[in-house]
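See structure below.
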Amino acid sequence: MNSNKNLSAIFPLFLAVFIDCIGLSLVFPILTPLFYDSSGILPVNDSETLRSILFGITLAMWPLAMFFATPILGELSDEIGRKKILVFCLGLVGISYFLSGIAVLADSVSLMIVSRFLAGLCAGCVPVAQAAVIDICPPDQKPKYLSLLLFPASLGFVAGPLFSTLLGNARWISWFGLWTPLFFAGILALFNAALLWATLQETHVKVGKLHLNIMGAVHLFVDAFNNKAVRFLSLIFLLFEFAWGLYFQYISLFMLHAFHYNATQIGWFMAWLACGFAVAFLIIIPWLSKHFKNLPVIRVSFVVSAVFMAVCVLCPWASIVWLATFIACAANGVLYSFLLSICSDTVGPERQGWIMGVTAAVTALAFAVTALLTGLLSLISVGTPLYVASAAMVVATLLTFRFL
């Protein structure tokens, strides 16, 4: 199969990743005002502590479910095919967004928590799409095709908050509200599922008996820290994801507390944040990879990220926070790519799947833990979560000098 045919065959996967990332990213501008505004999902007289606890639990449901489900979905895609799993995931994700929209309309915190857990259970779209791309592309062009998959992902993370801003604003249409983007995301996911079913050719044939390991992610996590070759690298990656998870999941709440941003302003801010990643993936990373080795880039990026995370707290002007956020996010995009590269280099070709599974498990667990911490740390002070994130980056930097 030539290159043009390869690209044509995987185009539905690009669209699947794009739409999946739209649905994921449009949630963040919604949840903050939903739990902290007087017109949100909680009664007006609920305390700040209760709001923070419920906000953290709701945020944690998605990565916690993802932590357990992603290895299972990967195994299922190996056994019964990528297409079936992708269609199933997108269909169930669509249902989860409809449930989230109903939760907003019904002021039901419990239904919102359930819907976010359901969305996390089917958050294997991107990893399965990556596996499908590997099935299709020539063996010597895997990095090229996998990097191409990051492009629609970054566009989706930019588009999601914009859709949330436009579709959640009653100034545009009187009956719009915080529920509208969630129903829109549900429709997009179901449309994508139908499109994949109609257009995507199955890329993988069943090769053995079905065998599922419910505790697969836990075993991967434990294996990583028992393996001498990757133990300290896994610790560094965990600190990175802890810092990034805390920053990413709290920054919208910070803008609400520090600058009294509403849902529309948070939506524009989150879209701007995603632009930092897009620039990193499309421009900065290709240039750095041609001119510098992995380790120096990682150390400098850790420092840049730590500095500009702290700047977000220390600066009293929102415009500077926007600039600092863009730089911090670009640095985190660079860190993610180069840390994955070092992780991949620590094992042979026969263990690439294992090490990628380790990074996925570490990421999901770090995001679940930091989701629970965001609201609670903010009770200490508005800037505490960002200071903790910055400190974690500093510690990770020091560990690179000791162990890498």
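The values are calculated or read from the model by the stated rules, or taken from the named source; none is laboratory data. Since the structure is predicted, the reported quantities are computational estimates derived from the model, not experimental observations. Quick reminder, even Gly has a Cβ in these numbers, built from the backbone with ideal geometry, and neighbours come from all protein chains shown.
Within the range 327-347, can you find the residues that are assigned to a helix (DSSP H, G or I) and in contact with a Leu (Cβ under 7 Å, 6 or more places away or on another chain)? Let's see the steps before the verdict.
First pass over the range 327-347, keeping only residues assigned to a helix (DSSP H, G or I): 327-345.
Residues satisfying the conditions are Cys329, Val334, Ile342, Cys343.
Only one residue in Leu220, Leu210, Leu155 is modelled with pLDDT under 75 and within 23 Å of the chain's Cα centre (by Cα). Which one?
Numbers: Leu210 fails: within 23 Å of the chain's Cα centre (by Cα); Leu155 fails: modelled with pLDDT under 75.
Matching residue, one of Leu220, Leu210, Leu155: Leu220.
Across the range 195-204, which residue is farthest from Leu90 (Cα to Cα) among those that are in contact (Cβ under 8 Å) with a residue 24 or more places away in the chain and of a type in the set (A, V, I, L, M, F, W, C)?
Step one: list which residues in the range 195-204 are in contact (Cβ under 8 Å) with a residue 24 or more places away in the chain, which gives 195-197, 199-204.
From what is left, the residues that are of a type in the set (A, V, I, L, M, F, W, C) are 195-197, 200.
On the way: Leu195: 11, Leu196: 9, Trp197: 11, Leu200: 14 Å.
The residue in question is Leu200.
For Met112, indicate whether it is crowded, with 23+ Cβ neighbours inside 10 Å, at pLDDT below 90 and in contact with a helix residue (DSSP H, G or I) (Cβ under 9 Å, 6 or more places away or on another chain).
Criteria not met by Met112.
Evaluate the range 368-379: report whether one residue or more is assigned by TED's automatic domain parsing to the domain that holds Leu256, aliphatic (A, V, I, L, M), under 30 Å from Leu50 (Cβ atoms) and not in a helix (DSSP H, G or I).
Kept after step one, since they are assigned by TED's automatic domain parsing to the domain that holds Leu256, are these residues of the range 368-379: 368-379.
Of the ones still in play, those that are also aliphatic (A, V, I, L, M) are 368-369, 371-373, 376-377, 379.
Going one step further and asking which of them are under 30 Å from Leu50 (Cβ atoms), we end up with 368-369, 371-373, 376-377, 379.
So of that shortlist, the ones also not in a helix (DSSP H, G or I) come out as 379.
Yes; the residues of the range 368-379 include at least one that is assigned by TED's automatic domain parsing to the domain that holds Leu256, aliphatic (A, V, I, L, M), under 30 Å from Leu50 (Cβ atoms) and not in a helix (DSSP H, G or I).
Within 30 Å of Tyr36 (Cα to Cα), of a type in the set (Ser, Thr, Tyr), touching a residue at least 60 places away in the same chain (Cβ under 8 Å) and in a helix (DSSP H, G or I) - does that describe any residue in the range 299-307? Spell out the reasoning first.
Of the residues in the range 299-307, the ones within 30 Å of Tyr36 (Cα to Cα) are 305-307.
Imposing the further condition that a residue be of a type in the set (Ser, Thr, Tyr) reduces the set to 305.
Now drop any that are not touching a residue at least 60 places away in the same chain (Cβ under 8 Å), which leaves 305.
When the remaining residues are screened for being in a helix (DSSP H, G or I), the result is 305.
Scanning the range 299-307, I find at least one residue that is within 30 Å of Tyr36 (Cα to Cα), of a type in the set (Ser, Thr, Tyr), touching a residue at least 60 places away in the same chain (Cβ under 8 Å) and in a helix (DSSP H, G or I), so the answer is yes.
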